[in-house]
Amino acid sequence: MSKNAYLPYYKTAEGAYVRSMEQYREMHKKSIELPAQFWSEIAVQFHWETPYDVDNFCSYNFDVTRGPVKVKWMEGATTNVCYNLLDKNVRNGMGDKVAFYWEGNDPEDYSKITYKKLLEEVCRFANVLKSKGIVKGDRVAIYMPMTLEIVITMLACARIGAVHSIVFAGFSSDSLAERMADCKCKVLVTADSVYRGDKLLNIKSLCDIAMDKAKNFGHEIPTCIVVRHLPRLYRSMNTTNGTNGSDSDTIDLHSDVPWTDGRDCWWHDEMDDVEPACYPVWVSAEDPLFMLYTSGSTGKPKGVLHTTGGYLIYAATTFKYVFDYHPGDVYWCTADIGWITGHSYVVYGPLANGASSVIFEGTPFYPDNGRYWSIIEKYKVSQFYTAPTAIRALMKFGEEPVKKYNLDTLKVLGSVGEPINPEAWLWYYKHIGKERCSIADTFWQTETGGHVITPLPGCTPMKPGSATFPFFGVNPILLDESGKEIKGVGEGYLVFNKPWPGMMRTLFGNHERYQSVYFSKFPGYYCTGDGARRDEDGYLWVTGRVDDMLNVSGHLMSTAEVESVLTEHPDVSEAAVVSRPHSIKGECLYCFVTPNNGIPFTPKLSSELVKKVRETIGPFAMPDVIQHAPGLPKTRSGKIMRRVLRKVAVNDRDVGDISTLADEHIVEELFNNRPEKT
Ligand code: 6R9
């Protein structure tokens, strides 16, 4: 093993599900060679109303030249995901166990819900949906903050076989309208307003605009159900901050919310007089469970469709092994439920394992920069799952905010969303995990449904920045441009040649596009669109989207590689690198750099960075431009929108659609900050 590998903390502690690389390799081998046997031994823990047939467990075709692409698991079996997440756990004596600790934006605002209570609420809301005419197969759009009601809505859909389509409650009204019209939802479930930090967002007004706009796309939404979240917030804002809503007693909250009679109704009114029991609808293993839009670099967003049986067993199994979740642990994933990470690892995976988790509504910076660490202490969190962008943002404030809290309960630290640069990895490992926690750098996508490349905490020696090895059932392959397999050490397109249970089945209403986006580049393979490198120990290093590659004077390199060098500098908080056309080199490097809090951007810093890249990667990688970036254009899930940076680099203001950015103003600022005035 390479001297750079970090040993997992479980190496010395008994009790992990997978305790050695030998055991991992054996299990992985079985999952690839005997998938039906491997997965049916897992599926047996769940309830199947009509049993699956082990001899016809999985069928698929990945090769477009041989007919339509298809992926099917446990076809013919019937089940209900909600039943498996709630009824089954309640029946097994876990009714009084806490399913979720809810922590509001304001630290004074918190509550919890047990499995039994959650089941009752879900049944109630399933009955509400039924009363609105929702039946199996209908789509329900959800645009909600991180509340317990969003979970209740998802599971109520699953209970009656309806398909939820969540749109992250930070997307613009245009994005919401387009997605609602595309999935032709019959109901929209939302909330009146929400506070993010100290900013009040009027969600319902935005939904009204979106519902109007959807009509322009030819789709009218007959019903909108609204959670009254605002009074809860006014109440809490009063206790901590006298300037916010201090007149809340005198405000008529109902009349403050824009309302269309006949279409809009309050959640609490509807929930008042419905039965707390609802018989689950048994659906086929291949019936849809949910759809979730993910943006493509071109064209309309893609409605990724996940089905029932395979997704259930995959979300459950990845959650159990990747976080090594044991009864008694408290797990916390900071992702918004509006992203796939929230679907699989706030809701479906944890509940399928009978876990207790934290749901957090707020931001890491409110009321101060220690909020994440205070929540870990408060709930005695044992597994914590967040994104590199959050880690880097918090690193900026140094160790002081961390030191105030007791983080001794932590065992596993997860990372997701983009490659984690070694600098951030090491900070996470040292200052949050105190060098005794395992880090799970989980590579996956909306399309994969669950983790596909990830270390396992009990066994995988870690290397900072590497997602390491495939999860069970996943067979990663690297291909070169001509489609030839790269065996051993090398870098290429990351693809898979066989399905795992949790992968997407189609793009909603557009199987053609599904085939052309994911299966046409290399017939016979699912193409992730990411590049990866395999090192001499067989470790996989995901280098980022293939369209984020740079070719400088014939040297191919990934933007992630250069960014990782830049962020190693002690004064740098974040960096993003794009390529710019160059008359001699073909392409050159244009770097955007955000210094740490309080550190000025100086010519000295700039030349140190140029030198550092040159020395670490090589003279060919020497950046042509280092530009000061007070902030980077990020989507609301934290991914850097590099196509915007490429426009800044060439001073082309035709930046295209930037509605999915968390802060659109930063784009103008970057144009104004260009060091070259041409
Ligand atoms: C789960 C999620 C998917 C894209 C993916 C890749 C990047 C995610 C990563 C990672 C390197 C990791 N990505 N996790 N890259 N290491 N651990 O983020 O889904 O929003 O669909 O994004 O994110 O580029 O292709 P999604």
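The values are calculated or read from the model by the stated rules, or taken from the named source; none is laboratory data. What you are looking at is a predicted structure, and each value in this text was computed from that prediction instead of being measured. Please note: Cβ atoms are built from the backbone with ideal geometry, for glycine as well, and neighbour counts cover all protein chains shown. These accessible areas exclude ligands, DNA and RNA; they are computed on the full protein's heavy atoms, side chains included. Shrake-Rupley method; radii C 1.70, N 1.55, O 1.52, S 1.80 Å.
Things to note:
- Other residues with beta-carbon under 10 Å from the beta-carbon of VAL625 carry, at +1 per Lys or Arg and -1 per Asp or Glu, a net charge of 0.
- Across the range 589-669, Cα-Cα distances exceeding 15 Å account for 61% of all pairs.
- Centre separation in Å (Cα based) which lies between the range 449-513 and the range 651-670: 32 Å
- Per-residue packing, averaged as other Cβ atoms within 10 Å, sorts the ranges 649-659, 257-267, 354-364 into the order 354-364, 257-267, 649-659, beginning with the highest.
- Using a probe radius of 1.4 angstrom, the carbon and sulfur fraction of the accessible surface of the range 341-459 is 50%.
- Sites matching GluC sites (Glu not before Pro) across the range 536-623 that sit in DSSP coil, with at most 13 neighbouring C-beta atoms within 10 Å: GLU536
- Carbon/sulfur fraction of accessible area - the range 257-318, other protein chains in place, 1.4 Å, %: 49 percent
- Relative to the globular-protein estimate of 2.2 N^0.38 Å, the Cα radius of gyration of the range 43-135 stands at 1.56.
- Straight-line cross-link partners of LYS484 among the lysines, defined as a Cα under 28 Å from its Cα and at least 8 positions apart when in the same chain: LYS29, LYS30, LYS70, LYS72, LYS463, LYS498, LYS521, LYS585.
- q = 0.10, 0.11 Å⁻¹: log10 I(q)/I(0) that the Debye formula gives for the chain, counting C-alpha atoms only: -0.97, -1.21
- Accessible surface of the range 1-134, 1.4 Å probe: 48 percent of it comes from carbon and sulfur atoms.
- Each peptide in 270-282, 145-157, 513-525, 98-110 receives the mean, over its residues, of other Cβ atoms within 10 Å, and ordering these scores from highest gives 145-157, 98-110, 513-525, 270-282.
- Among beta bridges from DSSP that stay inside the chain, the antiparallel ones total about 60%.
- Members of LYS184/LYS302; LYS97/LYS117; LYS186/LYS215; LYS184/LYS639; LYS97/LYS404; LYS112/LYS380 lying beyond 18 Å, as alpha-carbon distances in this model show: LYS184/LYS639; LYS97/LYS404
- Accessible area of the chain divided out per residue, in Å², using a probe of 1.4 angstrom: 38 Å²
- For the chain, the Cβ-based charge dipole about the Cα centre amounts to some 1160 debye (Lys, Arg positive; Asp, Glu negative; other atoms uncharged).
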